Amino acid sequence: MASENGGLDPIHQFEIKTLFPMEFFGVDASFTNSTLYMVLAVGLSAAFLIFSMRGRALVPGRWQSVAEMMYEFIANLVRQILGTEGMKFFPLVFTLFIFVLFCNVIGLLPADLFGIIPIPHAFTVTSHIIVTFALAMLVMTVVVGYGLFKHGLGFFKLFIPDVPLVLLPILVPIEIISFLSRPISLSLRLFANMLAGHVAMKVFAGFIVSLGSLGTLGILASVMPFAIGVALTALEFLVAFLQAFVFATLTCIYLRDAMHPSH
Amino acid sequence: MAEKSNTTHTEVPADGHKAVFPPFDSSKFEAQLVWLAITFIILYVVISRMALPRIGEVLEERQDRIQRDMDEANRLKEETDKAIANYEEALATARQKANGIAEETRAKLKAEIDAEQKAVEEKISKKAESAENRIAKAKEEAFGEVNKIAQSTTATIVEKLVGAKLSDQDIEQALK
């Protein structure tokens, strides 16, 4: 009965279940379903990136071309926004992109694909604000850290726009607020997209079940939410990729401020 | 499963845990952060140390190979162009040479023909001249004979008729 309830409740899929309770030095490090999907995302992406390039073929096969495409996609993004000198941030941006992309996409797969795992639902790591916020704070820490390391106090020129002196008292606080809100917008964007998408999919999937239990007419009517569910699934795959791309792009844009604070 | 759900149900009103929206459940933050840090650092190390250098190497190798092949192709094309230019030049000189030879031969033949013609003409004109000379001489001789015959005839006629013998001088005078 509990699982049936969970089956229709759109929020149930976001619940964190502890699989193996663990604790190190008083810090809760329990192995949860979230942990499992983080490990899956990292394991699959690392395996994909390494094994696809095993052949080192001059003319790439399918897997290798996908890995190369991702590499060039992010490399071009970093080069366009940060320039050649910004390529030192390429591994960070690429890791963020891959991690977010794999977490997003793996969360979309029906859990039955991993039938060996004793969890009824797939879990989306990025649908938790704490995870996306931690990633956003990582980006902001790198931005502030690199900015101070590279430019010293000159980094704070970032908050002084190139305008007449009279306007500065108004604009400097605005710049500071906009800078401080960056990690919030960066993390909320990803979190909200993932959360809303999965809730919507679950709601429509729930309609199919509810309508299906109403008899023949209900089964016929349930075609509608089913069609919407299929369309939403396709849309969610697009969103999963798009949000990873947006996260990587914004990371680059924020890093540009660290490299060139004086606009 | 059912039992667990039941226990949470009974406990819910007590500590108010059930009401928490899972993404905002701060009691689960710690474990998520710990594992996010562990997995993300592992992924970063694997990507920056293994995956990216390998992909970059392969891409660079391919770029080099393409560049090399392009250079080679350009070189070969240049060579071909040069060969074509050489061929065309050779063809042009050959044609010019052939024209020259033809011209020369024509001139030589013309000169030979001209010379021969001239020689033949000269020979003919010389022959004609000598023939004319001979004819003139014969004519003169013949006229000389006629005079002599006329003289002797006159002398004979006069002698027969008159019976006087005329001197040659007189006869000559008379016949003139």
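Assorted remarks:
Quick grid of which residues meet (1) among the charged types (D, E, K, R); (2) at pLDDT 90 or above; (3) open to solvent by 30 Å² or more (accessible area, probe 1.4 Å); (4) within 30 Å of residue A:225 (Cα to Cα):
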residue	(1), (2), (3), (4)
A:148	no, no, yes, no
A:151	no, no, yes, no
A:158	no, no, no, no
A:163	no, no, yes, no
A:170	no, no, yes, no
A:177	no, yes, yes, no
A:186	no, yes, no, no
A:190	no, yes, no, yes
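- Contact map, region B:39-55: first residue facing chain A (nearest Cβ under 7 Å), second residue not in a helix (DSSP H, G or I), Cβ cut-off under 7 Å, separation 6 or more or different chains; pairs are B:54/A:53; B:55/A:53.
- When residues of region A:50-65 are limited to those that are under 18 Å from residue A:98 (Cβ atoms) and of a type in the set (A, V, I, L, M, F, W, C), the one modelled with the lowest pLDDT: A:53
- Remark: residue A:195 matches the filter, which requires a residue to be under 30 Å from residue A:236 (Cβ atoms), open to solvent by less than 50 Å² (accessible area, probe 1.4 Å) and either in contact (Cβ under 8 Å) with a residue 60 or more places away in the chain or aliphatic (A, V, I, L, M) (or both).
- Helices (runs of 4 or more DSSP H) lying entirely in region A:1-103 (those with 1 or more residues that are open to solvent by less than 60 Å² (accessible area, probe 1.4 Å) and closer than 30 Å to residue A:209 by Cα): A:2-8, A:33-51
- Here residue A:222 passes the criteria (1) surrounded by 18 or more Cβ atoms within 10 Å (Cβ to Cβ); (2) closer than 24 Å to residue A:82 by Cα except the one numbered (2).
- Within region A:195-222, the set of residues being of a type in the set (Phe, Trp, Tyr) and in contact with a Leu (Cβ under 8 Å, 6 or more places away or on another chain) comprises A:204 only.
The values are calculated or read from the model by the stated rules, or taken from the named source; none is laboratory data. Note that this is a predicted model, so its numbers are computed, not measured. All Cβ positions, glycine included, derive from the backbone under ideal geometry; neighbour counts span all protein chains shown. Remember, those area values only see protein heavy atoms, side chains included, never the ligands or the DNA or RNA. Shrake-Rupley method; radii C 1.70, N 1.55, O 1.52, S 1.80 Å.
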